[in-house]
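The values are calculated or read from the model by the stated rules, or taken from the named source; none is laboratory data. What you see is a predicted model; the values in this text were computed from it and never measured. Please note: Cβ atoms are built from the backbone with ideal geometry, for glycine as well, and neighbour counts cover all protein chains shown. For accessibility, only protein heavy atoms count, side chains too; no ligands or nucleic acids. Shrake-Rupley method; radii C 1.70, N 1.55, O 1.52, S 1.80 Å.
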Amino acid sequence: MAVRERLLLVLPGKEIYDYLCTGCGASLGQREVVASPGEPSRLAAPLHHPHRHRHRGHRRA
């Protein structure tokens, strides 16, 4: 049976993943991915959203 990887938690030095059965959804185990020293977590940085910083009073024409 196939499994699905699900990200559970992002911490400054590591990410924790859970593995789920695609048939019944049961958790089959977990894995921790530790970042190398000096390397930030790939998901820890905030994502840029182009509309997030727009002032409410300004509208596009």
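Small (Gly, Ala, Ser), open to solvent by less than 70 Å² (accessible area, probe 1.4 Å), part of a loop (DSSP other than H, G, I, E, B) and at pLDDT below 60: is that true of residue 61 in this structure? It would help to see each step written out before you state the result.
Numbers: small (Gly, Ala, Ser): yes; open to solvent by less than 70 Å² (accessible area, probe 1.4 Å): no; part of a loop (DSSP other than H, G, I, E, B): yes; at pLDDT below 60: yes.
Considered against the rule, which asks whether it is small (Gly, Ala, Ser), open to solvent by less than 70 Å² (accessible area, probe 1.4 Å), part of a loop (DSSP other than H, G, I, E, B) and at pLDDT below 60, residue 61 comes out as no.
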Collect the residues in the stretch 1-51 that are modelled with pLDDT of 80 or more, in contact with a strand residue (DSSP E or B) (Cβ under 7 Å, 6 or more places away or on another chain), outside any strand (DSSP E or B) and surrounded by 11 or more Cβ atoms within 10 Å (Cβ to Cβ), keeping them in residue-number order. 13, 35
